[in-house]
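*Asks:* Mind looking over this structure? Questions follow.
Quick note: the coordinates plus some simple rules give every number you see, no bench work behind them. Note that the structure is predicted; figures quoted are calculated from it, not measured. Neighbour counts run over all protein chains shown; Cβ positions are idealised from the backbone, glycine included.
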Amino acid sequence: MAETNFTKLAYKTLQQGKSLAGLAHKQLSTKLMELIAPEAIPSIDPISVEQLNELRRSIEALEKIDWQEADQGLYPKSQLFDAPWLEWAARYPLIWLDLPSTWERRKTKQTRDMPSKINKEVYPDYYLQNFHHQTDGYLSDHSAGLYDLQVEILFNGTADSMRRRIIAPLKIGLKTFENRPQEKLRVLDVATGTGRSLKQIRAALNKVELLGIDLSESYLKQASRYLNNHGKYLAQLVRGNAEEMPFANESMQAVTCVFLLHELPRSARKNVLKECWRVLEPGGVLILADSIQIADSPQFSKILEDFNKVFHEPFYYDYINDDINAMLIESGFKFITAESHFMTRVWSAKKELDQ
Ligand SMILES: C[S@@+](CC[C@H](N)C(=O)[O-])C[C@H]1O[C@@H](n2cnc3c(N)ncnc32)[C@H](O)[C@@H]1O
C-alpha cells in the first residue's frame, strides 16, 4: 500500500513537473519570439479563466484514469514513467536552435520547405508540407529526433497519457479472439511515427505480433532505435502509405491509429479507414485516437480553432468538423463507441464477425 501511494505520488509529481516544464518552455519561447521575430506571433486572444479551469479539470481527469488503469494492471506502472529521458535532455537544446527557422517559416508562410534530397514521387502531395512548421516536415532524421519532445511540450507532458487511452479499448476489442494464444494475434499501428504507441502496446500485450507502418523512413528509424530491446526488436516496421497498405486482407486482429487523421485531407482519411477495415479479420477491432472535435467538445472550440491558426495544420479545420462516426460506418465498421480524454478522442469500432 505504502509503495502504491509512493508510486502514485511520484507519477503526479512527474506529470506536474512535465506540465510546468512545457508551460515554461512555451512562455520563454514566446518572449524570445516577441524580441526576435515579432511578425511570427499569431494573433489570437488569450483564453478565458473558465476555459483554463476546464482544461485543468480535464488534465486531472486524464491523469486519474491513467493511474487507475495502470493500478488495475491494464499496463505496467513503469509505463507511466517511460521515456528516453537522457536522450530528450541531450536533444532539448536542439529544439531552441531550431526555433528561428520555425518562426521564419511561420512568418513567410513557407509550408513546403522540404529537404532537397528526398524523392517527392514516393509521397502523396498532401504529405510534403511542414506540419506544425517543423523543419523538414516528417522527412529527416533531424525532425524525427525532435518530434517526441516537441509533442510532449505541446501537450504539457500529457501526450503519452493520451496515447495510453487506446490500451483499454484495444484489450476489450481483442477479447473476441481470447481463445487464441496471444502469439497468434497481429496488431498493426498505422502511422506509427517514432513508435511510442507500439511501445505502450508491447508493454500491455507482451506476446502479440506487432507491426507498424509509416511514410517516413526517418521516423521509422527512430522507432526502431526506440523499440530495440537489447538487440531484440519489439515490432516489425514497414514504410508505406496508410491509404494503400502492403498487408493482406483480414490479416490483423487489431489496428490502432494515433494522431494521423487530422493530418489528412478528407479523401485520404476515408481511404485510410477503408484500408483499416480491409486488413482486419472479421471480429477485429480498430482503435483510433486523434484530436477532440468541435461537436464533442464545444467548450474547447476556441482552443481547437486557435491551434489551427498557430500551427501549420492544413487539414485540421476540416478534421475538427468532420463526422468520424459516419466515416467509420461508411467504411463498414459497426459497434462504434467514442470517448474524450483531455485533447484526445478515442474511437473503438469493430469489423462484424458475420460478413
Ligand atoms: C502526428 S504524427 C503521429 C505519429 C504517432 N502515431 C504518434 O502518436 O506520435 C503523424 C504521422 O503520420 C505519418 N503519416 C502521415 N500521412 C501518412 C500516410 N498517408 N501513410 C502513413 N503514414 C503517414 C507521418 O509520417 C507521421 O509519422
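*Asks:* Given all pairs of different Cα atoms, what value in angstroms does the Kirkwood hydrodynamic radius of region 293-355 take?
*Replies:* Its Kirkwood hydrodynamic radius stands at 13.1 Å.
*Asks:* Placing unit charges on C-beta atoms (Lys and Arg positive, Asp and Glu negative, everything else neutral), compute the dipole magnitude of the chain about its Cα centre in debye, rounded to 20.
*Replies:* Roughly 640 debye, rounded to the nearest 20.
*Asks:* Mind pulling the per residue volume of the convex hull built on the Cα atoms of region 230-355? Å³ is fine.
*Replies:* Looking at region 230-355, the number lands at 134 Å³ per residue.
*Asks:* Here's another thing I want to ask about it. If you build the convex hull over the alpha carbons only and average its shadow over all orientations, what do you get for region 281-321? Give it in nm² to one decimal.
*Replies:* Across all orientations, region 281-321 yields a mean hull projection of 4.0 nm².
*Asks:* I need the per residue convex hull volume for region 88-204, using only the alpha carbons, in cubic angstrom as a whole number.
*Replies:* 150 Å³
*Asks:* Mind listing P(r) for region 69-140? All alpha-carbon pairs, 5 Å bins, whole percents.
*Replies:* 3, 13, 17, 14, 13, 12, 11, 10, 7, 2
*Asks:* Same structure, new question: Let me know the Rg and Dmax you get for region 2-154 when you use only its Cα atoms, in Å.
*Replies:* Just the Cα atoms of region 2-154 yield Rg and Dmax of 18.9, 58 Å.
*Asks:* Of the options LEU20, TRP277, PRO181, report the single residue whose Cα projects farthest towards the positive end of the charge dipole of the chain (beta-carbon charges: Lys, Arg +1; Asp, Glu -1).
*Replies:* PRO181
*Asks:* Could you name the lysines whose alpha carbon sits less than 18 Å from that of LYS274, not counting residues in the same chain fewer than 8 places away?
*Replies:* LYS334, LYS350, LYS351
*Asks:* Within a 10 angstrom radius of the beta carbon, how do SER251, SER116 rank from fewest other beta carbons to most?
*Replies:* SER116, SER251
*Asks:* With θ set to phi - 60° and the Karplus curve 6.51 cos²θ - 1.76 cosθ + 1.60, what are the ³J(HN,Hα) couplings of region 39-49 in order, to the nearest whole Hz, using x for Gly and Pro?
*Replies:* 5, 7, 6, x, 8, 9, 7, x, 7, 6, 4
*Asks:* While we're looking at this one, here's another question. With θ set to phi - 60° and the Karplus curve 6.51 cos²θ - 1.76 cosθ + 1.60, what are the ³J(HN,Hα) couplings of region 312-321 in order, to the nearest whole Hz, using x for Gly and Pro?
*Replies:* Running phi through 6.51 cos²θ - 1.76 cosθ + 1.60 with θ = phi - 60° gives 6, 9, x, 10, 5, 4, 5, 4, 5, 10 Hz.
*Asks:* Still on this structure: Please report PHE311, PHE81 as a ranked list, fewest other C-beta atoms within 10 angstrom at the top and most at the bottom.
*Replies:* Fewest-to-most Cβ neighbours within 10 Å comes out as PHE81, PHE311.
*Asks:* Right, next: Please report, in debye to the nearest 20, how large the charge dipole of region 9-118 is about its Cα centre when each Lys and Arg carries +1 at its beta carbon and each Asp and Glu carries -1 there.
*Replies:* 360 debye
*Asks:* Relative contact order of the chain, please, whole-number percent, based on alpha carbon pairs below 8 angstrom and at least 6 residues apart.
*Replies:* So the answer I get is 16 percent.
*Asks:* Now a separate question. Principal axes first, then extents: for the Cα atoms of the chain, list largest minus smallest coordinate on each axis, whole Å, largest first.
*Replies:* So the extents along the principal axes, rounded to whole Å, are 62, 58, 45.
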